[in-house]
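Enquirer: Structure provided below as structure tokens; questions to follow.
Just so it is clear, none of the values below were taken in a lab; they were calculated from the coordinates. Owing to the predicted nature of the structure, the values given are computational and were not obtained by experimental measurement. Glycine gets a Cβ as well: all are built from the backbone with ideal geometry, and neighbour counts include every protein chain shown.
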Amino acid sequence: MEPKNVAVIIRDVPNQWEGLRSTLGMAIDFDGPHMFVIGELQIPDDKVSIYKESLEYLADVLEGKNFTDNNANLENWDFFEYMSLDDMARKLPEYDLIIPF
């Protein structure tokens with residue numbers, strides 16, 4: 001069976017940039033990839049603008065979803081929806097492919 005939907009889980013700060021890039025890349029083969037960011041985003045100042053543009057592109061154009069368990073991400077970044085860790089854990093079995101970062 002070929003996977004149909006994908007979740008990218010990003011926990012480690014050093015992987016936050018690559019996790020988003022990978023989620024965007026997954027949109028080539030999968031419909032509306034979902035990205036889960038655990039903890040606070042800490043994007044370097046020189047990448048903030050492109051990170052915001054990429055989040056917007058993922059949500060608006062690629063019909064992906066961005067979830068986070070951190071309220072600071074909701075306040076500082078657009079295109080995130082809050083989801084508790086417990087809810088994330090319950091949602092993950094819905095995906096055919098889960099990629100951890």
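Enquirer: Can you compute the label reach from Lys4? Point 7 Å from Cα along the Cβ direction, backbone N cut-off under 13 Å, restricted to the stretch 72-101.
Expert: Under cut-off, by backbone N: 94-97.
Enquirer: Compute the signed sum of charges (Lys and Arg +1, Asp and Glu -1) over the other residues within less than 14 Å, Cβ to Cβ, of Met26.
Expert: Net of charged neighbours comes to -3.
Enquirer: Any idea what the relative contact order of the chain is, in percent, if you count C-alpha pairs under 8 Å spaced at least 6 apart?
Expert: Worked out over the chain, it gives 36 percent.
Enquirer: Okay, next question. Please list, short to long, the whole-number percent of alpha-carbon pairs of the chain in consecutive 5 angstrom bins beginning at zero.
Expert: Spelled out bin by bin, the chain gives 3, 14, 26, 28, 19, 8, 2, 0, 0 percent.
Enquirer: Provide the percentage of antiparallel DSSP beta bridges, counting only those with both residues in the chain; round to the nearest 5.
Expert: Numbers: 0 of 14 bridges.
DSSP beta bridges in the chain are roughly 0 percent antiparallel.
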